[in-house]
1. Answer with one residue from B:Ala275, B:Ile252, B:Ser148: the one whose Cα lies farthest towards the positive end of the charge dipole of the range B:6-299, charges on Cβ with Lys, Arg +1 and Asp, Glu -1.
2. Based solely on C-alpha atoms, express the radius of gyration and the Dmax of the range B:430-487 in angstrom.
3. Explain nothing, just the number: relative contact order of chain B, from Cα pairs under 8 Å at least 6 residues apart, as a whole percent.
4. P(r) tail for the range A:257-309, what percent of Cα pairs lie past 15 Å?
5. Arrange B:Ser293, A:Ser338 by Cβ neighbour counts within 10 Å, fewest through most, would you?
6. To the nearest µm²/s, what D does Stokes-Einstein give for the range B:352-487 at 25 °C and 0.890 mPa s, using the Kirkwood radius over alpha carbon pairs as Rh?
7. Would you calculate, for chain B, the mean residue ellipticity at 222 nm contributed by helices, counting each DSSP H stretch of 4 or more residues as -39,500 (n - 2.57) and dividing by all residues, to the nearest 500?
8. Distances longer than 14 Å among the Cα atoms of the range A:296-366: what percent of all pairs is that?
Amino acid sequence: MRLSQLRGALERGEVSSRGLVETALCKAEECEDLNAFITMNPDAALSAADQADSERAQGQVRSPLHGIPVAIKDNICTKGLRTTCASRFLDNFVPTYDATAVQKLREAGAIIFGKTNCDEFAMGSSNENSAYGPVLNPLNPSCVPGGSSGGSAAAVAAGIVPLSLGSDTGGSVRQPASLCGVVGVKPSYGRVSRNGLVAFGSSLDQIGTFAADVEGAAALLEVIAGPDPLDSTCSNRATEPWSQQRDPQDAPIRIGLPKEYTSVLDDEAKAALLAPLEAMDGVQLVEISLAHTEFAIATYYVLGSAEASANLARYDGIRYGVRVQEAGADLEETYIASRSQGFGAEVKRRIMLGTFALSAGYYDAYYNKACAARRAIGADFKQAFEQVDLIASLTAPSTAFPLGSKTADPLSMYLSDIFTVPVSLAGLPALSLPGQLAKDGLPWGLQVIAPPWREDRMFGFASRLEAKLVEQGRSQA
Amino acid sequence: MNAPDITQNPKWEAVIGLEVHAQLRTKSKLFCACPTTFGSAPNHQCCPVCTGMPGSLPVINQGAVDLAIRLGLAIGAEVHDRSIFARKNYFYPDLPNGYQISQFDRPLCTGGGVWIEGKEFPRRWIRMTRIHMENDAGKSSHGEDGHSLVDLNRSGMPLCEIVSEPDLRSPAEAMAYMKALRSILRYTEVSDGNMEEGSFRCDANISVRPRGETRLGTKTELKNMNSFRFVGQALNYEIERHIKVLEAGGKIQQDTRLWDTRKQVSVFMRGKEDAHDYRYFPEPDLLPLEVSSERIDRIRGQLPELADARAQRYQQDYGLPAYDAGVLTAEKALALYFETAVAALKGGSDQLKALSNWIMGDVLRRCKDEGLEVSAIPLAPQRLVQLINLIDDDIISGKIAKKVFDAIWDEDHDPMQLIEERGWKQVSDTGAIDEVISKVLGAHPKEVEQFRGGKVKLKGFFVGQVMREMRGQGNPKLVNQRLNALLDGAD
């Protein structure tokens, strides 16, 4: 379900916004087994649709997203609409304010359709860490949708909604997009305000977009990007018409292929990456080196967890969320009981990891070392972009994997973000778009990585690559 | 303070360093737009940011940064062009985020110092370690029933922490330091320095060592001293406690202690082994704080002359004693009052000293009696100068002047007009004076005889009688002169 088609239908009066929302509600019910949503918002969504319709009838169209239902990952605050972060801890939490991205969507006339399932506090790569149960992959319900934004990816892949918001800290938009066969965009760090995005790793977190095609994901990003006085780390750069960005089919462009990434791929995976690129005119493939890649996962889990350990300290049961207080329990016992029962295993693991990495005596060996590694990884990319215009890779080392296959082994789970994490550490824009289908019938995801703030270049090439893939019929390699 | 003066102790020397928290005088909190006004209903002055709601982000209040820079410049500190906010992690119900946003290894200001002066010790320079910015926590109240209440109105209030080197040697010096610091905070309008409302708070690090020793002894940290008086009491107590332990052959434990104002003792709060590991790390929600040299220059250009520099100037330019200069400059409002008056003076240095006496005496007495801030003195300084001129011009006597002072303090009057209306004008007419003297001498023939017989002490008696007769309005100089003449043998 492409945004451009829905928009055309709305403009021609073939369908109303109410119609879109009603259809989406039906579809969501049909797909209930996917468990893509934690909280539905039917009444508010229908009345917002009516308003959008009546505005449109009066000739008032706020934006290209006017009257379009958008699903929101449940770690993005929606005023008056429960926001759980897929955590038992926040099961009853209703925000008093809208995230800036949500507010921009409302102002653009988009319809907040519902809150999607995800890994608890966005920590996970399979959506199996949700207090509300796992999300199933619409392409193969025995497989995971990826994570942490699994619900947002699945909702688009299943055709429930045309667009959704996710968040990406180490690959949480790109990897589920890859596994579900949709487009997922993580913009440059600072492109979208984090105000109202429940923090996990503050120096890495970015809200990202999902859509069935590059144009849709770009159009959604156009609406939510831009300066915000409420987020000091949000750039002053204005939003750009990325959805219109389309390079000519034969424009010369240098695409870097990091040897550290390609060397770990088997032949099938390598072919999935190379075949579409090699079929394009004007594309010069250049082998590059990102020498510090091997440190990326460790660096990410030190820094992301360190920040998370502080970011999640506010969940103490004092002001909101779960408070577990046995009779006669003192303050510390109440903290321990509330946090022990409120948080799931992965969240606890990362809080412990981060607390340890920041502890006196270990700070230099872990936190400081990780900061140095992060700078080295950033420098690798900077150097690479002196030789190439964009970098391409697979988004994830595998297609969607069966539920439960990695839950017992956190490290192998962490490795499913091996190609996305370095990009997050460097704060670069990147997207994943569906590539060829693998032997298992599930899509590979292709990642396009751009220099900082060069979303324009990224979208221009991605839409051209997408056209090539469509032309090739996304056939099996 | 009745405690023995530690600086006179032949065996032991006390070493004190202070950490002062001053609330910056901004309209809004440090990281959100909530107002800083005092006294709202609990939890009515907060927003998602200062209550630690999920997804909320801090945004630095640049006005608070300006104030902290101003303080840094006022104490001669180096203001760094780049400083870093850091998270200080600990759990407490009134700390909504589970961390305080402070500055750690890269504070806004380092170095600088203040002069302290007092009766008990010579003028000394106290070095500063650093000034950094941080947000305040909320306020917990612990009820009798075991329940606690949290008020987050104060959460996010803008603070600067001012850390001294361990240069202070006695409680008296510590109090002088705090007064000097508060004076600077008020002069610069960086903070209102109000201890009662919690906008000026102090923790102390105290150690004791044998006199002559250069290494520091084991320190204890003392918290919860929320008035100048308590600081003095608490430090005295803690120093005595250290000495007692050391003299008994014991060792000081590196504890954090609380001052119990009721029992007048310091009580154990936590030991070194329980010290928090705050796990400081750079605050990822804020960019490094960059301060341009233009900004620093602009703020430097707005700095007022401070108390110490003023006091030095008063001594040099006005020839005032150090004591007078100290009193007159302790508060900016009083110094400005004095300077406005000086500008209206027409006489020389005698008048300056007279003016100083009037301000230190009657003006401050009335302020104290009425609980007035010196910024609220009702008597215009020009009026006070008029009064001094009237004395110098022999229009009124010093005694009448006191009456005039009280009258023009209570109600704004032109002093000359008032004197005329009330008939308080000094009598300088020798004829009139002679008339009264003759009357007095005539009424006391015995005393006149005794005087002439050599009992010269009786002169005072005659002056008194004449002045009483003249209702205090006789020109004292003339009364004396004429008495001498008439007693000495005009007869």
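1. Ranked along the dipole, the leading option is B:Ile252.
2. 10.3, 30
3. Details: 847 pairs, mean separation 66.2, N = 491.
That works out to 13 percent.
4. Working: 853 of 1378 pairs.
Every Cα pair in the range A:257-309 considered, those over 15 Å come to 62 percent.
5. Details: B:Ser293 9, A:Ser338 21.
Fewest-to-most Cβ neighbours within 10 Å comes out as B:Ser293, A:Ser338.
6. On the way: Rh = 16.6 Å.
The Stokes-Einstein estimate is 148 µm²/s.
7. Details: 16 runs with 187 residues, N = 491.
Calculated from helices alone, the mean residue ellipticity at 222 nm is -11500 deg cm²/dmol.
8. Working: 1553 of 2485 pairs.
More than 14 Å apart: 62 percent of the Cα pairs in the range A:296-366.
Every read-out reported here was derived from the displayed coordinates using simple, explicitly stated rules and does not represent laboratory data. Treat the numbers as computed from the prediction; the structure is a model and nothing was measured. Please note: Cβ atoms are built from the backbone with ideal geometry, for glycine as well, and neighbour counts cover all protein chains shown.
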